[in-house]
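What follows is a short report on a single structure.
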Amino acid sequence: MTNLNKDFVKLTSENLILQDIINLVKDDGAGAITTFNGTTRNIFKDKIVVRLEYESYIPMAEKVLLNLICEARTKWDITKVAIYHRTGIVPVGETSVIVAVSSIHRKESLHAVEWLIDELKEKAPIWKKEVYSDGSVWKENAENRQKC
Amino acid sequence: MTNLNKDFVKLTSENLILQDIINLVKDDGAGAITTFNGTTRNIFKDKIVVRLEYESYIPMAEKVLLNLICEARTKWDITKVAIYHRTGIVPVGETSVIVAVSSIHRKESLHAVEWLIDELKEKAPIWKKEVYSDGSVWKENAENRQKC
Amino acid sequence: MSKEFTVLYFASARDATNVQSEKISLPPQSTSISLENLTILLKRRHEKLAPILENSLYAINMEYVENDDQTILVKEGDEVAVIPPVSGG
Amino acid sequence: MSKEFTVLYFASARDATNVQSEKISLPPQSTSISLENLTILLKRRHEKLAPILENSLYAINMEYVENDDQTILVKEGDEVAVIPPVSGG
């Protein structure tokens, strides 16, 4: 999903390639690009994670992420934004999420990336199942949007 | 210059390839990688920048950067750090600096990257000359370490 | 023909219902249902869903709604999603 | 043979001196020179350097020093660098 060739949002079962996503936000007028990459860890609280599985309500997730980018643009002067999140099975060590933001000045992209990944974790309808050798569990982010 | 295969610092006249630098800080135990890329802009205050030239007191710059990483490690629990900065001529649109940090939790790498690029701009003995069609000027960072 | 809306289940909610989505008829003679009554209806259909609904949010047509907002009504053709605590990233 | 130290010039300081580095002898009979006297000496050698030194820092053996620290002395074999305002990044 893309908005005016400035905002790029995608939930995808394909491997995420950082350089491809950098290329989406690159802009000769923008001196700064900040990226955040979330990768699957091999250990969670002493339990060995065999793999992760991500599920998403994809059209709503893409809508939520585009809305977050829109809100970020009211807070910071940012040039281009890409948010890619993987779905399905993600092996240990592979990237599950990339947030990339370009801006003229560095503070804007640094702060926007931090805010976007925080908000994604709180609001995007995406779920992670950690599969261990002896079972599995649906995780909950600490940042979860609370039921009122 | 590398420190125990956890800290990677280099001033180099070669093109900076983000994926190569990501690979230096990648770690199965680290769920987060944050990167900052500084790229040369085509415009500075309405003057067209033809190219940039970076000069550095290389051995001191590498020492300063390793010391900054050391200090960052006292502030945040971070896994691996790479700081690469280009020297010599850097054409418009190419990367002049990359800071990459991996960490178990995302806040650490996000905050460490921001602090490291701020400190680099203030303290690393590196100088940028902007070359315009009608002359050139040595820049000064706003963050400059003040003479006491 | 009865008036229907769609309910989508994700993650632990899908595990509890064993379905990804289902069409549900509005009560006879009604053109809408409140969130409170929707919760009662869903708990009746899926016993294991009850504890999950305690911690889930609803989204109607891809917008989060406040579960205790009594002004919100689910109408014919709406797409309601049960959103358990999210864990993206 | 006179005792020498090295001075390195970067960026605008190098443009002003037209040299990247030079060896300078300590004053006769002395084994060191204060930063204050170093500044006087460098200004005498390179007229155009004066305004640049106003805004520069010194590094001795790759460590920044405070220009007004009177306890610091440049000694034989030291590497002194004139560090104009930096602009990395």
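The values are calculated or read from the model by the stated rules, or taken from the named source; none is laboratory data. All of these numbers come straight from a predicted model, not from anything done at the bench. When we count neighbours, we look across all protein chains shown, and the Cβ atoms used for this are built from the backbone with ideal geometry, even at glycine. Keep in mind that these areas ignore ligands, DNA and RNA; they rest on the heavy atoms of the full protein, side chains included. Shrake-Rupley method; radii C 1.70, N 1.55, O 1.52, S 1.80 Å.
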Point to revise | P(r) of region C:20-59 over all Cα-Cα pairs, binned every 5 Å from zero, in whole percent | key: 5, 19, 31, 29, 12, 4, 0
Revision key, fill the gap. Residues whose modelled amide H sits under 5 Å from the amide H of B:Thr79, counting only those 5 or more places away in sequence or on another chain, are B:Ser102, B:Ser103, B:Ile104
**Study point:** Degrees between helix D:35-45 axis and first principal axis of chain D (Cα, 0 to 90, nearest 10)
**Key:** 70
Check your understanding: For the Cα atoms of chain A, what angle does the longest principal axis make with the long axis of helix A:106-123, in degrees from 0 to 90, nearest 10?
Key -> 40
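With viscosity set to 1.567 mPa s at 4 °C, what whole-number translational diffusion coefficient in µm²/s follows for the protein assembly as shown from Stokes-Einstein and a Kirkwood radius over Cα pairs? Mind showing how you got there, number by number?
Details: Rh = 25.5 Å.
It diffuses with D of about 51 µm²/s by this estimate.
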Practice item. Quick one: which residues, 5 or more positions from D:Asp78 or on another chain, have an amide H under 5 Å from its amide H? H modelled 1.01 Å from N in the peptide plane, none for Pro or chain starts. Key: D:Thr6
Revision key, fill the gap. Among residues of chain D, the one whose beta-carbon sits nearest the axis that rotates D onto C, given with its distance in integer Å, is D:Gly89, 14
Practice item. Could you pull out which residues in region B:46-61 have an amide N less than 12 Å from a spot 7 Å beyond the Cα of D:Lys23, following the Cα-Cβ vector? Key: none
Exercise for review: Run through the other copies and list how far each one's label point is from that of A:Glu140, in nm with one decimal, shortest first; the point sits 7 Å from Cα along Cα-Cβ.
Suggested key: 5.5
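How much net charge surrounds A:Leu52 when only the other residues with a Cβ under 12 Å from the Cβ of A:Leu52 are counted, with Lys and Arg +1 and Asp and Glu -1? Intermediate results must be reported in sequence, preceding the final value.
On the way: positive: A:Arg41, A:Arg51, A:Arg86, A:Lys128, A:Lys129, A:Lys139; negative: A:Glu53, A:Glu55, A:Glu94, A:Glu130.
Summing Lys and Arg as +1 and Asp and Glu as -1 gives +2.
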Practice item. Run the accessible area of chain D with a 1.4 Å probe and give the carbon-and-sulfur part as a rounded percent. Key: 48
Revision key, fill the gap. Whole-Hz Karplus couplings 3J(HN,Hα) for region D:49-66, θ = phi - 60° and coefficients 6.51, -1.76, 1.60, Gly and Pro as x, run 7, 3, x, 6, 4, 4, 10, 9, 10, 9, 10, 10, 6, 6, 10, 4, 10, 7
Revision key, fill the gap. Between chains B and A, total accessible area buried, probe 1.4 Å, no ligands or nucleic acids, nearest 100 Å², roughly 2700
Exercise for review: Would you work out what percent of the accessible area of region A:1-140, with all protein chains in place, is carbon or sulfur (probe 1.4 Å)?
Suggested key: 49
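Just the accessible area per residue of region A:8-148, please: how many Å² with a 1.4 Å probe?
On the way: 5600 Å² over 141 residues.
Roughly 40 Å² per residue, with all protein chains present.
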Point to revise | Hz values of 3J(HN,Hα) by residue in region A:48-58 - Karplus curve (6.51, -1.76, 1.60), Gly and Pro given as x | key: 7, 8, 7, 6, 10, 10, 9, 10, 8, 8, 4
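Considering the convex hull of the alpha carbon atoms of region A:75-128, report its projected area averaged over all viewing directions, in nm², one decimal.
Working: hull surface 17.2 nm².
Over every viewing direction, the Cα hull of region A:75-128 projects on average to 4.3 nm².
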Review point. Using a Förster distance of 25 Å, how high is the FRET efficiency between C:Glu54 and A:Asn67, based on the Cβ-Cβ distance and rounded to 0.05?
Key: 0.40
Point to revise | Relative intensity, log₁₀ I(q)/I(0), of region A:1-43 from a Debye sum that treats every alpha carbon as a point, q = 0.22, 0.27 Å⁻¹ | key: -0.92, -1.21
Practice item. Could you name every residue in region B:108-148 that has 50 Å² or more less accessible surface in the full protein assembly than in its own chain alone (probe 1.4 Å, ligands and nucleic acids excluded)? Key: B:Leu110, B:Glu114, B:Trp127, B:Trp138, B:Arg145, B:Lys147, B:Cys148
Exercise for review: Search the structure for amide H atoms under 5 Å from the amide H of A:Leu16, placed 1.01 Å from N in the peptide plane, and list their residues when 5 or more places away or on another chain.
Suggested key: A:Thr95
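Where only protein heavy atoms count, and the probe is 1.4 Å, what is the accessible area per residue for region C:4-83 in Å²?
On the way: 4140 Å² over 80 residues.
I get 52 Å² per residue for region C:4-83.
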Check your understanding: D:Arg44 label points, 7 Å along Cα→Cβ, one per copy: pairwise distances from this copy to the rest in nm, shortest first?
Key -> 10.2
Study note, to complete from the structure: Convex hull around the C-alpha positions of chain B: the volume in Å³ per residue is 117
Practice item. Mind listing the label-point distances from C:Gln70 to the same position on all other copies, shortest first, one decimal in nm, points 7 Å along Cα→Cβ? Key: 8.1
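Probe radius 1.4 Å, ligands and nucleic acids left out: can you give me the accessible area buried at the A-C interface, summed over both chains, in Å² to the nearest hundred?
For A against C, buried area totals roughly 2400 Å².
Size of the dipole of region C:4-83 about the Cα centre, Lys and Arg at +1 and Asp and Glu at -1 on the beta carbon, nothing else charged, in debye to 20?
Numbers: 7 positive and 13 negative charges, 71 e Å.
Around 340 debye, computed over region C:4-83.
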Check your understanding: Which distance in Å, rounded to a whole number, links the C-alpha centroids of region A:116-148 and region D:1-55?
Key -> 61
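Helix-only mean residue ellipticity at 222 nm, chain D, DSSP H runs n ≥ 4 weighted -39,500 (n - 2.57), per residue, nearest 500. What is it? Display every interim value, and only then the final one.
Working: 3 runs with 23 residues, N = 89.
That comes out to -7000 deg cm²/dmol.
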Study note, to complete from the structure: Pseudo-spin-label distance A:Thr2 to B:Tyr132, built 7 Å along Cα→Cβ, given in nm, is 3.5
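Can you check what the net charge comes to around B:His111, using other residues whose Cβ is under 10 Å from the Cβ of B:His111 (Lys, Arg +1; Asp, Glu -1)?
Working: positive: B:Lys75, B:Arg106, B:Lys107; negative: A:Glu114, B:Glu108, B:Glu114.
Once all neighbours under 10 Å are counted, the net charge is 0.
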Practice item. Ignoring everything but the protein chains, give the 1.4 Å probe accessible area of A:Trp138 in square angstrom, nearest 10. Key: 50
Review point. Whole number please: convex hull volume per residue of the Cα set in region D:4-83, in Å³?
Key: 81
